[in-house]
Structures are given as C-alpha cells and as structure tokens.
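A short worksheet on the structure shown next.
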Amino acid sequence: MINTVLGPISEDELVVTLMHEHIVVNIVGEESSEKTYTTEDVLAYVLPYLMEAKEKNLQTIVEATPLGLGRDLDVLVQCSMKSGINIVTCTGAWEGMDYRGKCVPATIKEMSIDEIADVWIKEFEEGIDSTGIKPGFIKLALGDEGKIFPLQEKLLRAAVRTSNKTGMVIQCHIFESSSLPSAIRIIEEEKLPYDRFIWVHADGQMDMEKILESGKKGIWMEFDCIGSAEDFSKYPPAIKILLEEDLIEQLLFGQDSGSYWIKEEEEEWPMRPYARFFNEFIPFCEKEGIDTELINKVIIENSKRALSIKHINK
Ligand SMILES: [Zn+2]
C-alpha cells in the first residue's frame, strides 16, 4: 500500500507517476506561520494545469514539499479530489541551496537525531498533526554548497532511521554532485539499503561518473529538472548510457514542476506546466531514438518500485 493524501491505495493504482512535483511552495519558510493565500487561490491557479496533465494520463504526483517549505495538506487534498490525481505527500525537511536552516522548523533544529526520527515516524504511523494523512516518502535537501553541514547530517541520519523503521524511501535533493560521496558515507554508516535512497536532481549537473557509481550501488537516480530545462538535449545521451550499463531500472523521472510559489518579494513565479513531460519531453526523446515504451516503463514500473515500502523488520 502507498499513502496518498486521500488515504492508502494499492501500488497498482499509482500507474503513471511523476516523482517530483510541487503544488504550493512557500519559500518564506517555517518562521512565517501566516498564510498569504487561500486554498481557493491555489485551486483556481493550479487546477487547469493538473487537468491538462490528467488528460495526458498522469495518475499520480509525488509532491516533494515538506513542512517548512510550504507543505499544505488542505491544498493537496482539494487538488487531489478535484483533479482525480493521486497525490503523495512527504515527511522530512528541506535544507538545500544556501538557505542555511531557513526552511527547517525551529523545533526540529533543536532536536537530537532520534527525536527528529520519532516525529517523522509518528507522522507515518499516526498521520500528520490530527489530519490522519500519512506521508508516502521522506524528503530531504542538502549538500548544495559542496559539503554537508552538521544540521544537514543530522537530518540525513534522522531520515535514514525513519526509513529503516517505516520502509519509506528517501528523496534527497543534491544539486552539487561532489557532496554525494559524503551523503553515501552517512547512509552506509546508518545501514540504509541503497534502494531506499533517491538522488534527487541527479540530472542537475549530469555528472555521469557519479551517476554510474551510485547507480551500480543500487541507488535511484532521479532526472527531475525536466520542468525547468531550456532544452532536453542532455537527456537522450544520458538515458542511452544508462541503457548500455543496464541501469535503466534505477532511473526515475520528475519535473520539479508547478507551482503556486509564495516568495518574499511576492513576485509571481512562472508556472511550469505538469503536462510538459508528455507534450514536449516524451516526443523529444522519441525523436532522439528513445522509445516511448521505455519512458513509460520508468514512469510506471520504476516509480512503483521506488515508492513501495520495503525491507523492514518490525
Ligand atoms: Zn523540488
């Protein structure tokens, strides 16, 4: 079973699944508790884009916005109900780019590794706050400045302990590929099975050496900068290498698309339409010799395997 914001569904109900999208991102972070928008605002803006993607057969969105980055369950529930798209929400914390803890809730920052893990495990077992809604994965972000800071290490260890207890997969945003070896060292120390770790934004630098190295260990590689890519030319060669190296089973797709962004400056963020993957990316790959069949296997079969709860000894 996979947790969605409308309750658990069977893995076979996920069908076409994009692994990394956003509905609302509130980059102001945890410190501002006041909402500057209503659920209706978001629905009016986002729903047409969701419906467009739904018409292209998108059935599930993995919504990669943890608490502190703008996770908004009311919005997710309404979007899922009105669009008919499954939405999977997350636990975890976002410590990416050079935000230095700005998006991590203050209460989490003060806790020990095991205390943080307890909070996240409780969300999985009992639901988030009093909503009864349970997360389907753990979202993290770290290492974007070329090293892993102490807060980031603490969050990663807490994520691994949460994963080892619950079986949820970790989606870990790492733009700077030179930080990957330190992250891998930490998950190895914490004894995380490699197939419960997704390298989010593996296509950011498209560092093939690191991609092959981690793929051979059994780590998932997520190509998810597709929504913001100016062109897709770097993708077909990389996909062909993964095919040759027999690593296509470790590949995941997402777009980092959406969304209704709340920024400090209140400027409007351009929408990255959810349907772009189907309208532009798949036809481009087909033209470059990548079978649509293969892409479909990644967004259906690989996504399902990545999200499934595995290797837990209770
Ligand atoms: Zn993202």
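Taking the charge dipole of segment 58-134 about its Cα centre, with +1 at Lys and Arg Cβ atoms and -1 at Asp and Glu Cβ atoms, the residue from CYS79, THR65, GLY101 reaching farthest to the positive side is CYS79.
Which net charge results when you count Lys and Arg as +1 and Asp and Glu as -1 among the other residues whose beta-carbon is under 10 Å from that of CYS172?
Summing Lys/Arg as +1 and Asp/Glu as -1 gives 0.
The Cα trace of the chain gives Rg and Dmax of 17.9, 51 Å, the first to one decimal, the second as a whole number.
The aspartates and glutamates within cross-link reach of LYS35, meaning a Cα-to-Cα straight distance under 20 Å and a gap of 8 or more places when in the same chain, are GLU63, ASP72, ASP74, ASP129, GLU264, GLU265, GLU266, GLU267, GLU268.
Only Lys, Arg, Asp and Glu carry charge here, each on its Cβ (+1 for the first two, -1 for the last two); on that basis segment 2-307 has a dipole of about 600 debye about its Cα centre. Under the shape rule built on the C-alpha gyration tensor, where the axes satisfy a ≥ b ≥ c, segment 186-314 is oblate, since a/c reaches at least 1.5 while a/b does not exceed b/c.
Every number in this text was worked out from the coordinates using simple rules, so none of it is lab data. Predicted model, so just to flag it, every value in this text is computed and none were measured. All Cβ positions, glycine included, derive from the backbone under ideal geometry; neighbour counts span all protein chains shown.
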